[in-house]
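The structure appears below as structure tokens.
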Amino acid sequence: MEKHWKKIIAPVIIAVLLGIYYLGISAIFLFIPEIPVLVKILMAGIPAILAGVLIYVLIERIKEIRSGEEDDLSKY
């Protein structure tokens, strides 16, 4: 882990920033009173799902970096 931390830091920072952005959008849609409930669920749910996918992709990327496979194109 010690030798890979510099390569892991950038994806973590990007994931945290995007996660905050997506969850912020979800919160904004939840607190707008004029929107019907079904629309609120959809408009808040989609960014929340994207935040979950973002976490999954980050975990996969960290696994790739730790295994030494830094270039995804080498698989093809």
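Every number in this text was worked out from the coordinates using simple rules, so none of it is lab data. Keep in mind the model is a prediction, meaning the values are calculated, not measured. Every residue, glycine as well, gets a Cβ built from its backbone with ideal geometry; the counts of neighbours run over all protein chains shown.
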Please list the equivalent ellipsoid semi-axes of the chain, computed as the square roots of five times the alpha-carbon gyration tensor eigenvalues, in descending order and whole angstrom. 34, 13, 7
Between the range 10-40 and the range 41-55, the alpha-carbon center distance in angstrom: 8 Å
With each run of n ≥ 4 DSSP H residues scored as -39500 (n - 2.57), what mean residue ellipticity at 222 nm is computed for the chain after dividing by its residue count and rounding to the nearest 500 deg cm²/dmol? -27000 deg cm²/dmol
At a Förster distance of 22 Å, what's the computed FRET efficiency of residue 42 paired with residue 10, Cβ-Cβ distance as r, to 0.05? 0.10
Furthest towards positive pole of dipole, 51, 35, 16, structure part the chain, Cβ charges: 16
Between helix 37-67 and the chain, what is the angle of the helix's C-alpha long axis to the longest principal axis, kept within 0 to 90° and rounded to the nearest 10? 10 degrees
Provide, for the chain, the number of lysine pairs with alpha carbons under 19 Å apart, each pair being eight or more places apart or on different chains. 4
Working from Cα positions, state the angle (0 to 90°, nearest 10) between the long axis of helix 5-30 and the longest principal axis of the chain. 10 degrees
